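The values are calculated or read from the model by the stated rules, or taken from the named source; none is laboratory data. The structure presented is a predicted model; accordingly, all values stated were derived computationally and were not measured. Note that we place each Cβ from the backbone using ideal geometry, even for glycine, and neighbour counts take in every protein chain shown. Surface accessibility is based on the protein's heavy atoms, side chains included, excluding ligands, DNA and RNA. Shrake-Rupley method; radii C 1.70, N 1.55, O 1.52, S 1.80 Å.
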Amino acid sequence: MKKVSVQCRHVRLAYGKTEVLKDVSLDIQPGEFFALLGPSGSGKSTLLRLIAGFNRHQHGEVLIDGQDVSPLPPWQRNVGMVFQNYALWPHMTVWDNVAFGLVERKVDKATLKAKVGAALELVGLSSYGQRRPNQLSGGQQQRVALARTIVIEPQVLLLDEPLSNLDKTLRVQMRQELLAMQRRLGLTTIFVTHDQEEAMTTADRMAVLDKGVVQQVGAPVTLYDEPANIFVAGFVGTTNLLPARVRARQGGALTLDVAGFGDVQLPAGVQAPASDTLTMGFRPHALQIEAANTSAPLQGIALPGTVEASEFLGEFTRYSVRVGSHALHVDHPHQAGGAAFAVGSAVRLGLEASQVRLFAG
Ligand code: ADP
């Protein structure tokens with residue numbers, strides 16, 4: 001099957017006076033698994049429905065395989081969409097649900113039988129053809145919805161929060177299955193989610209949206225390590241964000257006045273926007289934690305604090321540590337018999353300067 005690209009060029013869409021998509025441009029590569037990630041109301045579904053042809057934009061272009069599909073209705077775009085609620089026909093068997101799109105297209109009986117059989121096999125439901133949707137688990141219904149979409153051999157697969165109705169364990173299993181299937185078919189896939197873990201674990205690349213504006217596009221690791229702005233830093237993973245003022249710049253090195261910390265020296269090499277008012281960001285695992293009353297060596301910038309809360313998460317413990325006016329997230333890797341820090345205890349934190357990112361504003 002030919003792998004196709006999907007592009008949005010300067011797309012704007014408003015409902016009445018409310019602009020929902022503001023100058024959205026995206027370049028999705030042929031065969032890519034691409035996630036649209038953002039909080040509720042950021043415009044993800046609107047953008048997906050626009051690519052499908054269910055929504056109309058007022059400005060810009062949507063191209064599939066280089067062709068502007070803006071004037072085309074959904075059924076002429078060669079896209080398949082799986083909705084959040086699966087939208088299966090309750091009175092039809094699994095087989096008939098999957099066959100529906102082919103029957104509509106008046107495909108001959110032998111082809112229909114072969115294609116429906118192959119689609120059901122692909123999602124592991126070959127022996128479930130005669131069941132009705134209400135005789136299936138949530139995960140199986142989800143697979144039927146996928147089979148029904150894939151059977152028409154779309155060039156682009158659009159998935160709108162396809163896993164959100166499933167419980168956590170099934171969601172993790174289904175996202176692996178989905179990814180494996182997408183890889184087998186090499187089908188350009190656009191996946192909407194508000195769950196950053198889901199996006200990070202599956203997507204080749206992702207776009208983060210906020211208020212109808214694309215904030216950043218890139219591979220999950222790029223967005224995590226090099227967030228372009230405060231919104232992305234806060235939305236993709238957990239980040240400590242602290243307001244800071246520049247007190248001095250000496251040949252690339254910076255002295256920052258961080259509210260509640262006093263002066264913080266950052267060596268040359270930490271990228272700093274030109275503004276004098278900045279936000280300093282660092283991940284919870286960029287902080288080392290030691291008890292205040294030990295002499296264990298600390299790396300980086302030393303910060304004294306008090307443990308206010310702790311959450312044991314298995315692989316690590318996430319502490320909330322009060323440092324001046326800030327409550328910092330600190331992740332400490334867990335080892336059986338390793339150090340734990342009680343709520344109320346005094347600790348010392350070490351902040352690795354190379355892990356600090358600075359944002360304008
Ligand atoms: P997301 O998928 O990121 O949760 P949506 O694309 O569903 O966000 O919605 C984006 C914004 O557009 C929201 O503020 C929503 O209220 C608004 N919106 C969505 N559909 C319509 C509609 N048919 N009429 C008016 N406003 C809408």
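The single condition from (1) more than 24 Å from the chain's Cα centre (by Cα); (2) surrounded by 18 or more Cβ atoms within 10 Å (Cβ to Cβ); (3) not basic (Lys, Arg) that Ala268 fails is (2).
Looking only at region 1-40, count how many residues are within 17 Å of Ala199 (Cβ to Cβ), near the ligand (Cβ under 9 Å from one of its atoms) and assigned to a loop (DSSP other than H, G, I, E, B). Summing the residues that are within 17 Å of Ala199 (Cβ to Cβ), near the ligand (Cβ under 9 Å from one of its atoms) and assigned to a loop (DSSP other than H, G, I, E, B) in region 1-40 gives 3. With the condition kept exactly as written, say whether any residue in region 295-302 is touching a helix residue (DSSP H, G or I) at 6+ places or on another chain (Cβ under 6 Å), modelled with pLDDT under 95 and assigned to a helix (DSSP H, G or I). Checked region 295-302: no residue is touching a helix residue (DSSP H, G or I) at 6+ places or on another chain (Cβ under 6 Å), modelled with pLDDT under 95 and assigned to a helix (DSSP H, G or I). Exactly one residue among Gly237, Gly281 is under 24 Å from the mean Cα position of the chain (by Cα), over 21 Å from Ala339 (Cβ atoms), assigned to a strand (DSSP E or B) and not hydrophobic (A, V, I, L, M, F, W, C), and that residue is Gly281.
Looking at region 336-361 only, could you name the residues that are over 25 Å from Phe231 (Cβ atoms) and in contact (Cβ under 8 Å) with a residue 40 or more places away in the chain? Within region 336-361, Ala339, Phe341, Ser345, Ala346, Val347, Arg348, Leu349, Gly350 qualify. Scanning region 1-58 for residues that are closer than 24 Å to Phe235 by Cα, in contact with a helix residue (DSSP H, G or I) (Cβ under 6 Å, 6 or more places away or on another chain) and either open to solvent by 10 Å² or more (accessible area, probe 1.4 Å) or of a type in the set (D, E, K, R) (or both) returns a single hit, Val20. Just checking: which of the helices (runs of 4 or more DSSP H) contained wholly in region 93-195 hold 2 or more residues that are at pLDDT 90 or above and surrounded by 21 or more Cβ atoms within 10 Å (Cβ to Cβ)? By residue number, 94-104, 109-122, 138-150. On inspection, Glu226 passes the criterion of being away from the ligand (no atom under 14 Å from the Cβ) and in contact (Cβ under 8 Å) with a residue 60 or more places away in the chain. Filter region 51-76 for residues that are without any contact (Cβ under 8 Å) to a residue 40 or more places away in the chain and part of a helix (DSSP H, G or I); which is farthest from the ligand (Cβ to nearest atom)? If we take residues in region 51-76 being without any contact (Cβ under 8 Å) to a residue 40 or more places away in the chain and part of a helix (DSSP H, G or I), then Gln76 is farthest from the ligand (Cβ to nearest atom). Tell me, yes or no, whether region 341-348 has at least one residue that is more than 29 Å from the chain's Cα centre (by Cα), of a type in the set (Ser, Thr, Tyr) and modelled with pLDDT under 90. For region 341-348, residues more than 29 Å from the chain's Cα centre (by Cα), of a type in the set (Ser, Thr, Tyr) and modelled with pLDDT under 90: absent.
For region 229-243, filtering for residues that are within 14 Å of the ligand (Cβ to nearest atom) and surrounded by fewer than 19 Cβ atoms within 10 Å (Cβ to Cβ) leaves 0.
Being open to solvent by 30 Å² or more (accessible area, probe 1.4 Å) and either away from the ligand (no atom under 16 Å from the Cβ) or not hydrophobic (A, V, I, L, M, F, W, C) (or both) is a description that does not apply to Thr202.
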